[in-house]
Amino acid sequence: MTDQATITATKHEVANYHAAVDLAFDAGWSDGLPIVPPTEPLIRACLDAIQLDPTDVVIEIPERGRTITAEKLAINAVMAGCRPEYLPVLVAILEAMIDPRYHFNHIASMGSAWPLTIVNGPVAERLGINSGLYLFGPGHRANLTIARGLSLTLRNCAGAKVEDTQRGGWGNPIRMVGCIAENEDLGWTPLHVQRGFAQEDSVVTVVSVYPGSPVHINVNERGNSPEIMLDSVSHAIANYGGAIFNRGPYTLLIGPHYVELFTKQGWSKDDVRNYIFDHAKTSVELLKQRHVWAKHWTHVTPDELEVKPGDDKRFVYLFKKDPEYDKYVSWPIALQDNYDRDLDLYVVGCGGNGGSRVGLMVPNYVSTNAVSRKIRVP
């Protein structure tokens, strides 16, 4: 940032810290928690970290008719408690979210979807982004303030609040804790490398998740068998959510102790993914009992919903398209030729080194895809 660049945001004079916090509450800038007063020196430090002038455009959001400038991002990052060196991560997250494949506008839906941000590469260790024990906190400044910085920026600059465009039925706590790192010391190929980046690149991946994620899946460790463990996972994924058959990009979080179990038996991330692809299935009988079958049809006969002999042996696979069955379990838009929804599973090594569970991040129902962006660190 040039030294003479003028910060254009309105300045407010307050008597003390507590008055600054009250001002943020009264003006609607806060998310319900106290803020760090965004003083000019703190704002300038953040702008220096991304080497942008105050009025430089970080992103434009066509769906909202909004523009987020560098100073707006810096002000909200300061209020969230971010250190200046976190700003390049926030820039990359925002750039990923406006990619057309992410479908920005879905975060305003009743489903309360919000992005989980997974950070890979050298920047994760340098910033101290937690990839281990107590992954979703509290306890780690980088994780929580980056997540909060994104939330405040979209709240104050893109209408992501109920007073504006936000219509989430439940809300989503991932807004406050949804920035994590992958543990890249476990012997598995890191997520960003799988997605086409170099090992030495620093990358963010955003994947939209429903509230309630991560869902905890208990696994059976009998005989240290990867197959037995993943049978539990496959069943849980394919039968999640009641009257919904939720296809899309899932994220599976696996702790170091289980990664070690898999690697000792020669299993890679792709082996885990492929096994689940082949076994995440639900019978037509169960889909009818769950009232998923023909749920989105305008007209359906009782005969079409009746469980028939053999339905218990007819299966619909979560991650595989099937022209015979897809029309019964998918939204109509998902059947269109130009529908670009990924059916995928991202395996991420992270979390604490113990316990009998893995974590499942459940995607938004339609439209969204994961997007990765390289972090530009000056």
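The values are calculated or read from the model by the stated rules, or taken from the named source; none is laboratory data. In this text the structure is predicted, and so the values were computed from the model without any measurement. All Cβ positions, even for glycine, are placed from backbone atoms using ideal geometry, and neighbour counts span all protein chains on display.
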Handout entry: Test: PHE262 is touching an Asp or Glu at 6+ places or on another chain (Cβ under 8 Å) and either at pLDDT 95 or above or assigned by TED's automatic domain parsing to the domain that holds PHE315 (or both)
Key = yes
Handout entry: Flag if LEU252 is part of a helix (DSSP H, G or I) and surrounded by 15 or more Cβ atoms within 10 Å (Cβ to Cβ)
Key = no
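Filter region 101-121 down to residues that are in a loop (DSSP other than H, G, I, E, B) and over 17 Å from PRO363 (Cα atoms), then give me how many there are.
1
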Exercise for the section: Kindly provide the set of residues from region 12-53 that are more than 25 Å from MET176 (Cα to Cα) and in a loop (DSSP other than H, G, I, E, B), ordered by number. Expected result: HIS12, GLU13, VAL14, ALA15, ASN16, GLN51, LEU52, ASP53
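Across region 54-67, which residue is surrounded by the most Cβ atoms within 10 Å (Cβ to Cβ) among those that are in a loop (DSSP other than H, G, I, E, B) and touching a strand residue (DSSP E or B) at 6+ places or on another chain (Cβ under 9 Å)?
PRO54
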Practice task
Check off (1) in contact with a Ser or Thr (Cβ under 6 Å, 6 or more places away or on another chain); (2) modelled with pLDDT of 95 or more for ILE180 and give me the number that stays unchecked.
Solution key: (1)
Completion exercise
The residue that is surrounded by the most Cβ atoms within 10 Å (Cβ to Cβ), considering only those in region 68-113 that are within 26 Å of TYR210 (Cα to Cα) and polar (S, T, N, Q), is ASN76
Practice task
Go over the candidates PRO34, PRO62, PRO84 one by one and state the one that is over 24 Å from the mean Cα position of the chain (by Cα) and assigned by TED's automatic domain parsing to the domain that holds CYS179.
Solution key: PRO34
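If you take the residues of region 306-317 that are outside any strand (DSSP E or B) and touching a helix residue (DSSP H, G or I) at 6+ places or on another chain (Cβ under 8 Å), which of them is surrounded by the fewest Cβ atoms within 10 Å (Cβ to Cβ)?
Taking the candidates together, the pick is GLU306.
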Handout entry: Selection status of GLY359, touching a residue at least 12 places away in the same chain (Cβ under 8 Å), within 21 Å of the chain's Cα centre (by Cα) and under 20 Å from ALA236 (Cα atoms)
Key = yes
Exercise for the section: Inspect all residues belonging to region 142-157 and state whether any of them is assigned to a loop (DSSP other than H, G, I, E, B) and buried (at least 23 other Cβ atoms within 10 Å of the Cβ). Expected result: no
Handout entry: Any pair with Cβ under 9 angstrom, 6 or more apart, that starts in region 176-203 at a residue that is closer than 12 Å to VAL123 by Cβ and ends at one that is among the aromatic types (Phe, Trp, Tyr) and surrounded by fewer than 22 Cβ atoms within 10 Å (Cβ to Cβ)
Key = VAL203/PHE197
Fill in the blank from the handout: Taking first residues from region 290-311 that are at positive phi and second residues anywhere that are among the small types (Gly, Ala, Ser), the pairs with Cβ under 9 Å that are 6 or more apart or on different chains are HIS291/GLY242; HIS291/ALA243
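Residue by residue, here is whether (1) loosely packed, with under 14 Cβ neighbours inside 10 Å; (2) part of a helix (DSSP H, G or I); (3) not hydrophobic (A, V, I, L, M, F, W, C) holds:
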{"site": "TRP267", "(1), (2), (3)": "no, no, no"}
{"site": "ARG273", "(1), (2), (3)": "no, yes, yes"}
{"site": "THR298", "(1), (2), (3)": "yes, no, yes"}
{"site": "PHE319", "(1), (2), (3)": "no, no, no"}
{"site": "GLU324", "(1), (2), (3)": "yes, no, yes"}
{"site": "LYS327", "(1), (2), (3)": "no, yes, yes"}
{"site": "VAL348", "(1), (2), (3)": "no, no, no"}
{"site": "GLY354", "(1), (2), (3)": "yes, no, yes"}
Handout entry: For TYR339: the one exception among (1) buried (at least 20 other Cβ atoms within 10 Å of the Cβ); (2) more than 20 Å from PHE315 (Cα to Cα)
Key = (1)
